[in-house]
């Protein structure tokens with residue numbers, strides 16, 4: 001990352017970096033039910049679950065003059081309907097990026113790189 005998109009305005013220019021687009025995308029994706037987290041596949045080739053502080057690391061952004069294409073590597077929860085989760089991520093990311101940056105999102109490609117078992121709730125101990 002390191003590319004910037006420049007928007008010329010009457011009062012000056014606005015520059016939006018690829019990292020900003022990636023962070024917006026990562027936040028939008030993480031809000032979808034069934035998404036366990038982002039995967040680090042693009043950066044290292046190893047599917048590992050990343051925490052909320054690393055939301056941009058599982059996202060690849062290609063910026064053009066007024067458009068962008070986004071790729072997101074996800075780890076999803078076992079039992080979810082993967083096509084439904086992927087579609088919702090695509091919709092939320094597209095809407096968030098277009099609303100916040102003014103860029104036209106040409107595509108949001110989803111890569112499912114892992115599956116995680118949901119955490120089981122431990123039965124609570126009866127109080128005496």
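Here are a few things to note about the model shown:
- Checking each residue in the range 70-91 for being over 9 Å from the mean Cα position of the chain (by Cα) and either assigned to a strand (DSSP E or B) or touching a residue at least 60 places away in the same chain (Cβ under 8 Å) (or both) picks out 75, 76, 77.
- Top-ranked residue of the range 60-69 - restricted to ones that are under 13 Å from residue 101 (Cβ atoms), assigned to a strand (DSSP E or B) and touching a residue at least 40 places away in the same chain (Cβ under 8 Å), ranked as farthest from the chain's Cα centre (by Cα): 63
- Any hit, the range 44-60, residues being in contact with a helix residue (DSSP H, G or I) (Cβ under 7 Å, 6 or more places away or on another chain) and modelled with pLDDT of 90 or more: yes
The values are calculated or read from the model by the stated rules, or taken from the named source; none is laboratory data. If you're wondering where the values come from, they're calculated on a predicted model, not measured in any experiment. Cβ atoms come from the backbone with ideal geometry, glycine included; neighbour counts cover every protein chain shown.
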